[in-house]
1. Which number in (1) over 21 Å from residue 91 (Cβ atoms); (2) touching a residue at least 24 places away in the same chain (Cβ under 8 Å); (3) not in a strand (DSSP E or B) marks the one condition that residue 41 misses?
2. Out of everything in segment 91-147 that is closer than 30 Å to residue 25 by Cβ and part of a loop (DSSP other than H, G, I, E, B), what residue ends up being farthest from the chain's Cα centre (by Cα)?
3. Which of the following residues is more than 30 Å from residue 125 (Cβ to Cβ) and not in a strand (DSSP E or B): 35, 28?
4. Could you list, in sequence order, all residues of segment 18-51 that are farther than 30 Å from residue 119 by Cα and more than 20 Å from the chain's Cα centre (by Cα)?
5. Go through segment 44-58 residue by residue and tally those that are surrounded by 12 or more Cβ atoms within 10 Å (Cβ to Cβ) and without any contact (Cβ under 8 Å) to a residue 60 or more places away in the chain.
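No lab work stands behind these numbers, since they all come straight from the coordinates. Remember, it's a predicted structure, so these values are computed and weren't measured experimentally. FYI the Cβ positions are ideal-geometry reconstructions off the backbone, even for glycines, and counts take in every protein chain you see.
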């Protein structure tokens with residue numbers, strides 16, 4: 001089944017629609033969704049606090065499985081390549097809006113910078129230029145001042 005999605009996603013708080021072309025296939029283990037997702041977001045720069053446009057353009061390939069990948073009594077389970085899946089847990093529907101929302105949110109960088117040459121606000125510049133020394137780490141300063149080396153400690 002093919003899905004062409006061209007709507008706004010309310011949770012993004014954005015007036016720009018999300019464009020997605022998805023291919024949904026039933027597999028032996030559940031459902032696979034592949035496709036392309038594209039939109040623009042308005043983000044706030046962490047340095048200058050100004051608003052800027054951020055383009056999201058991502059390929060998706062997500063598996064949804066019918067059965068649990070972890071047994072009930074198992075507390076920990078190491079994931080290996082190809083096991084990054086979402087369990088359906090008895091659901092018989094997949095919310096495409098939620099799927100696309102999660103896909104887009106995961107593409108937002110952890111540190112939002114409007115451009116590489118952004119100098120930041122005055123407050124940012126002040127913090128950046130301050131030399132704060134954590135008192136708990138002062139003990140390590142004496143190591144370098146006394147010229148301790150690995151050879152002397154052996």
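1. If we test residue 41 against (1) over 21 Å from residue 91 (Cβ atoms); (2) touching a residue at least 24 places away in the same chain (Cβ under 8 Å); (3) not in a strand (DSSP E or B), just (3) comes out false.
2. 92
3. Testing whether each residue is more than 30 Å from residue 125 (Cβ to Cβ) and not in a strand (DSSP E or B) leaves just 28.
4. 21, 22, 23, 24, 25, 26, 27, 28, 29, 30, 31, 32
5. Residues that pass the stated criteria total 3.
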